[in-house]
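The structure appears below as structure tokens.
Read-outs: derived from the displayed coordinates by stated rules, not from any lab. Everything numeric here is computed off the predicted structure, so don't read it as measured data. Note that we place each Cβ from the backbone using ideal geometry, even for glycine, and neighbour counts take in every protein chain shown.
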Amino acid sequence: MPVIDPLIAPKLPRAPAGLKARGRALWRSIVAGYELSAVELMILESACRQLDAIHELDQVVAAATSIEVEGSKGQLTLHPAIAEARQARLALSRLIAGLDLDDAGAAQTAGAIRSQAGRRLARMRWSNDGRRASSG
């Protein structure tokens, strides 16, 4: 996906309604540096909401007096917010990975930035250790 040229200031997409501080911060940090497609914006929105949920779960755990709670049969079990936060972190990492963001270094210029489709084609082309499939 193209990195936004700082010399050309396009209008950035607004953060979706309902995002909390951490989600809005993630949204701003990504849309400020990347030009995203509509699908990528939907993925980013999900990632931002996931980050907000993780923060809320972390607050629940921080407010708890113990990381263990009493289970349905009186046994001690891990606080359910801990397991949910762990799953939410995994989901967040997958969503962010799904955006396939480039690390836009200072050496890159607008003319040198490859498109996401071009990167995928290059990966497919070289996925067989540089060997091309024979057309037999």
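The 3J(HN,Hα) values that the Karplus relation (6.51, -1.76, 1.60; θ = phi - 60°) gives for region 50-63 are, in residue order, 5, 4, 4, 5, 4, 4, 4, 5, 4, 5, 4, 5, 5, 7 Hz. Gly and Pro appear as x.
For region 20-98, the set of GluC sites (Glu not before Pro) satisfying both a DSSP loop assignment and a count of at most 15 other C-beta atoms within 10 Å is given as Glu35. Converting phi to 3J(HN,Hα) with the Karplus coefficients 6.51, -1.76 and 1.60 and the offset θ = phi - 60°, region 71-79 yields x, 5, 10, x, 7, 7, 9, 4, 4 Hz in sequence order, with x at every glycine or proline.
Less than 5 angstrom separates the built amide H of His79 from those of Glu68, Val69, all sequence-distant by 5 or more or on a different chain.
Each residue of region 32-39 is assigned a 3J(HN,Hα), and the resulting list reads 6, x, 9, 9, 9, 6, 4, 5 Hz, derived from the Karplus form 6.51 cos²θ - 1.76 cosθ + 1.60 (θ = phi - 60°), x at Gly and Pro. In this structure the amide hydrogen of Tyr34, modeled in the peptide plane, comes within under 5 Å of the amide hydrogens of Ile4, none closer than 5 places in sequence on its chain. Other residues with beta-carbon under 11 Å from the beta-carbon of Leu19 carry, at +1 per Lys or Arg and -1 per Asp or Glu, a net charge of +4.
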